[in-house]
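The values are calculated or read from the model by the stated rules, or taken from the named source; none is laboratory data. Everything numeric in this text was worked out from a predicted model, so none of it was measured. All Cβ positions, even for glycine, are placed from backbone atoms using ideal geometry, and neighbour counts span all protein chains on display. Calculation scope for accessible area: heavy atoms of the full protein, side chains included, ligands and nucleic acids excluded. Shrake-Rupley method; radii C 1.70, N 1.55, O 1.52, S 1.80 Å.
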Amino acid sequence: VGVVKSGEASGKLNEVLKSLASEVEKMALIRKKIRGAMIYPLFIMCVLVIVVAGMLVFVVPKLSEVFEQTDQQLPLLTRVVIGASDVVQNFWPLLLVGVALIWLGLAVGRKTRLLKRPIDEFVVRVPIFGPLVQKSLLARFAHSFANLLHAGIPIVEALHINAKTLGNEVYKERVLLAAEDLSRGIPLAESLRDSTLFPPLLVQMIAIGEQTAQLDSVSMKIAEYYEEEVDIAVQNFTKILEPVIIVAVGSSVGVIVASIMLPIIKLIDISEAL
């Protein structure tokens, strides 16, 4: 809406709408890439939860009955798994309600200022996934900024419009602060240099754009650079997740198998001793 208003005021509505369409297509493509990278790990984790829950509900209780008849003290790991099995069997409705409430709370919180800011901060700072989100936000910032400047929108107003369309409260606050600094005569690059949210390369390129009066074209180059970085980050993110998922699946199944095998081995040792 802000972009369209500015286009009407400057008499360049046609150019503004073309730039806006291009930006929407670019950002939609980046979101699809990120969501595509998340489908595989989410699917595997859901299958893992179902498999572990099935073992706790159907397998462990039957084996625990056998172990109880031996009158032997079970290993700590076995007792922990049996306890988890009892909790899942006896309180599964409460567990489902709790998960649903947490999911609903996060979904509602994302739309309110109270939780949106901490959630956005966490998403940006979380290891592995955070850098990918940061690069996508930088690509969005640079692409939108370049289009706004190219349409003849004043730089301070362009920053205000840009901040509202980033979709992340942390970056929104920092861009609005940069707009305030710019209105007081502080160059954009100098304002962004103090923030860890904007890499030195981006800040240096913006400084060059300000010095050469080609901030719109330089910003577009920045957007193209970070769009390529998003592609690379998505590939690296997928490659890193594969061994992490394998370790998570192996560890979860291994814990349950070990909890079952340890008392069996102990019983074998006792029977051989007798």
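General observations
- Angle in degrees between helix 169-183 and the longest Cα principal axis of the chain, rounded to the nearest 10: 20 degrees
- Cα-based reach from residue 266 at 18 Å (exclusive), listing aspartates and glutamates while leaving out same-chain residues under 8 positions away: 65, 68, 71
- Per-residue 3J(HN,Hα) values for segment 84-99, derived from phi via the Karplus relation 6.51 cos²θ - 1.76 cosθ + 1.60 with θ = phi - 60°, read 5, 5, 4, 5, 5, 5, 8, 10, 4, x, 5, 5, 5, 5, x, 5 Hz in sequence order (x marks Gly and Pro).
- Within the accessible area of the chain, the carbon and sulfur atoms contribute 68%, probe 1.4 Å, all protein chains present.
- Karplus-derived 3J(HN,Hα), 6.51/-1.76/1.60, for each residue of segment 235-248, Hz, glycine and proline x: 5, 5, 4, 5, 5, 5, 5, 4, x, 4, 5, 4, 5, 5
- Dipole axis of the chain (+1 Lys, Arg; -1 Asp, Glu on Cβ), positive-most option in 90, 36, 59: 36
- Burial ranking of peptide ranges 222-233, 34-45, 201-212 (average Cβ count within 10 Å, highest at the top): 222-233, 201-212, 34-45
- Cα gyration tensor category, rounded, prolate or oblate, for segment 86-133 with a/c compared to 1.5: oblate
- Exceedance of the 19 Å cut-off in Cα-Cα distance is limited, within the set 32/135; 33/135; 111/164; 5/32; 26/239, to 5/32; 26/239.
- Per residue accessible area of the chain, 1.4 Å probe, in Å²: 59 Å²
- When only alpha carbons are used to place a centre, segment 7-26 and segment 115-161 end up 18 Å from one another.
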